[in-house]
Amino acid sequence: MANSACSNSYTIVTTSYMIDSEVDSGYIFILTPERLVSIISTIPELKIDYLFVDEAQKLTTKNDSRSLVTYSAIEQTLNNNPGAKLFFSSPNLSNPDVFNSLFNRSKSKVYRSTEGATAQNMYFIDLLNDSFSVVNTHDRNLEKIERDFNKYKSANDLIYKLNHKKSKIIYCGGVESTLVRTRDFIKYLKINNRAINPKNIEISAQIREFVHDNYELAEAINYGVAFHFGNLPQSIRDLIEHNFKIGNIEYLFCTSTLLEGVNLPARSVFILTHKKGLSPLEPVDFWNLAGRAGRLAMELSGDIFCIRDEVKIWDNKAINNILLSDKNDISLTPSFYIEDKKRLNELHEIIATGETGKIKNSEFLRTLGDMIRIDTMRDEKHLPLINYFQHSGKPEIVLSAKNSTKDINLPLNILLANSHIPVDSQYNAFNKIKSLSVNEIKLSWQPSYDEIKSKLSLIFEIYQIDKFATGQNRLYSNSIPYYALILSQWMYGNSLQEIISGAIIYKKNKTIYIKNAPIPFDSNNSSHITALVNDTIKDIELRVGYLLQNYISHYCQLLTYVHHGNPGANWSQFIEFGSNDPIVWHLQMVGFSRDCAVYLKRNFSKHLKMNVESNKLVIKNKSTIKELVKKNKLYSLEIHSLL
């Protein structure tokens, strides 16, 4: 795609920092919803001709604040570019026209296919009752067949013996269950004298070097096994996916992350639970996961095995509602279409009082309420969100929203770009910043740990984060010293291995949570190290890289507005690129991951120079770099594809 785009005078852009006003070419933006909102709010004159929304079913995910941000990004883009052509792509949906009606697109075309890329066979295996059934997806029933269960005593037997030596994806639900299943399967392989794959020894060694000696993925890789979930470094994730595709990894234990835009089919898919985290899988997600079975151009069919080996897994309700659901009749509704009167009353209460109290999934309702409040401040008519709630049977929701914003004079473009931050929190910070001197609020280009901690304390105070933050992954002021440590290491370009080492020192004589229970941390315990790695990456990507970055980005926007130009550094940019080094930024703008960019800067700095006049990165002696990284399994693929 990159080569094709370049040959047609288009520049691929993944962040607003890559936009160059002096370049006379078109752009192809590949963006998260948050980055799209950021771009259209900071460059409102930017003309967008086509908008492609992949995984559009996420607009319908219930009680998910990200679905609201996605909606807002699309709505604002269309509002700024009414002539833009809009395309949606979504799996397993019987009413795809719902997306067009959501955005008032009356003149639209819908194409729906019910044919899969390969034929698929689905089975339900109940190990508790020794039954083996074919799932008849046409008549939607289970047809029992005779099978010798002496060969299959456990889920591990089934995973190992069915379609032996063919690629297998094993869906386990949550991260903890994925790790437990992976550990148990490796023990099974050892008992059955499974030999280490010599091809994977070097890959395993580089994972140990990149993360930590006791990181469990390294041992798993030796046996052709890997786990795959959100809390993995991108370089590791890319390495796993590549080696799974070429056959070095045969067994891939995973969470629902595999549903989210990762094109990774397998000969067999084993579904060991009907849950996604603590909640049941939605039929759309189940059939999306099942659709991974069968590799186009490699085999004619794929197999899906749904296995019950625990009492609470795949009960009758799950079988009827998920396994036997009609994949050709899945109808979805946008996440903010609320018909439940109790939820509507709770939404009204949050808007009217600002209090979330003990309301379930209050983060979603708070975000939705703030989006309604912001929309009442806009001049545009026929906004989808306002129209829906005016006709929902509770028009007082819109009236309360309008009344609640009468005294808020924060610029509308800042509010629109930051609907994921509570409106009252934004406004409080705005008023506080106006009362502080420049020296009290500006951010340094080379901040010390103490300055980072001090500025985070200020941000927590003026945004009243302890008061307004909600949700399981919320920020806490008593963790500011830890956030400052992670942020300091991240923005100074420390490697993941260095950050993990720092986290191990920080955790000394402290506890770590294993299966939601606090346990004294033991740095010699591989499961503790894996949990620490997962937690640290989650903190980097979610708490620092998303939640804190949102606040810091908003803080910098306010500094720019109040003082007519940001008087200091933009730490939000440091967080986005994981460095305060312009060379590392520009390497990522070329397409390198943060980890690979840091690696190149550290090992090949003499070949990397910034052209001061054009502010462009010049990479010299590319062939030399490619030759020297041949043996580095972690980065060689990335470097060879981009240099």
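Here the gap between residue 138 and residue 378, fully extended at 0.36 nm per residue and compared with their Cα-Cα distance, gives a gain of 81.5 nm. With helices as the sole contributors, the chain gives -12500 deg cm²/dmol at 222 nm; each DSSP H run of n ≥ 4 counts as -39500 (n - 2.57), and the sum is divided by every residue. Amide H contacts under 5 Å for residue 270: 169, 170, 171, 305, restricted to partners 5 or more places along the chain or on a different chain, H placed in the peptide plane at 1.01 Å from N. Using the Cβ-Cβ distance between residue 399 and residue 79 with R0 set to 30 Å, the FRET efficiency works out to roughly 0.85.
Which residues does a label at residue 341 reach in the range 385-404, if reach means a backbone N under 13 Å from a point 7 Å past the Cα toward the Cβ? Output list for this probe position: 393-394. Computing FRET efficiency as 1/(1 + (r/R0)^6) for residue 146 and residue 328, where r is the C-beta to C-beta distance and R0 is 30 Å, gives about 0.50.
In whole Å, how far is the Cα centre of the range 56-90 from that of the range 298-358? Here the two parts' Cα centres lie 20 Å apart. From the largest down, the chain spans 76, 65, 56 angstrom on the principal axes of its Cα atoms. Taking a straight Cα-Cα cut-off under 17 Å and skipping sequence neighbours fewer than 8 places away in the same chain, the lysines within cross-link reach of residue 342 are 62, 358, 360, 394. For the chain, the share of DSSP beta bridges that are antiparallel, to the nearest 5, is 35%. Checking the Cα-Cα distances for 166/276; 58/406; 275/538; 165/199; 442/616; 199/515 against a 23 Å cut-off, the pairs over it are 166/276; 58/406; 442/616; 199/515. Along each principal axis, taking the top coordinate minus the bottom one, the Cα set of the range 581-642 gives 36, 21, 19 Å in descending order. Available extension along the chain between residue 392 and residue 640 is 83.8 nm, counting 0.36 nm per residue and deducting the alpha carbon span.
In plain terms, the chain from residue 55 to residue 310 could stretch by 88.6 nm, reckoned as 0.36 nm per residue minus the Cα-Cα distance. Within the same chain, lysines fewer than 8 places from residue 620 are excluded, and of the rest, those with a Cα less than 19 Å from its Cα are 601, 606, 609, 630. Relative to one another, the C-alpha centroids of the range 556-610 and the range 112-160 are positioned 51 Å apart.
If R0 equals 25 Å, the separation of the Cβ atoms of residue 409 and residue 464 corresponds to a calculated FRET efficiency of about 0.85. Each residue, residue 199 and residue 630, gets one label point 7 Å from its Cα in the Cβ direction; the gap between the two is 1.9 nm. Once Rh for the range 273-427 is found with the Kirkwood sum over Cα pairs, what is the Stokes-Einstein diffusion coefficient at 4 °C and 1.567 mPa s, in µm²/s? Translational diffusion coefficient: 69 µm²/s. By the rule of a C-alpha distance below 17 Å, with chain neighbours fewer than 8 residues away ignored, the aspartates and glutamates paired with residue 453 are 440, 461, 466, 539.
Of all beta bridges that DSSP places with both ends in the range 119-323, some 30 percent have antiparallel geometry. Basic side chains Lys and Arg get +1 at the Cβ, acidic Asp and Glu get -1 at the Cβ, and with that the dipole of the chain about its Cα centre reaches some 880 debye.
Look at the dipole of the range 513-643 built from charges on Cβ: of 519, 590, 553, the Cα furthest out on the positive end belongs to 590. For the range 185-313, the alpha carbon convex hull comes to 134 Å³ per residue, rounded to a whole number.
Inter-part distance, the range 389-428 to the range 239-278, computed on C-alpha centroids, equals 41 Å.
Values in this text are rule-based calculations from the coordinates and carry no lab data. Worth saying up front: this structure is predicted, and the values here are computed from it rather than measured. Positions of Cβ are backbone-derived with ideal geometry, glycine not excepted, and every protein chain shown enters the neighbour counts.
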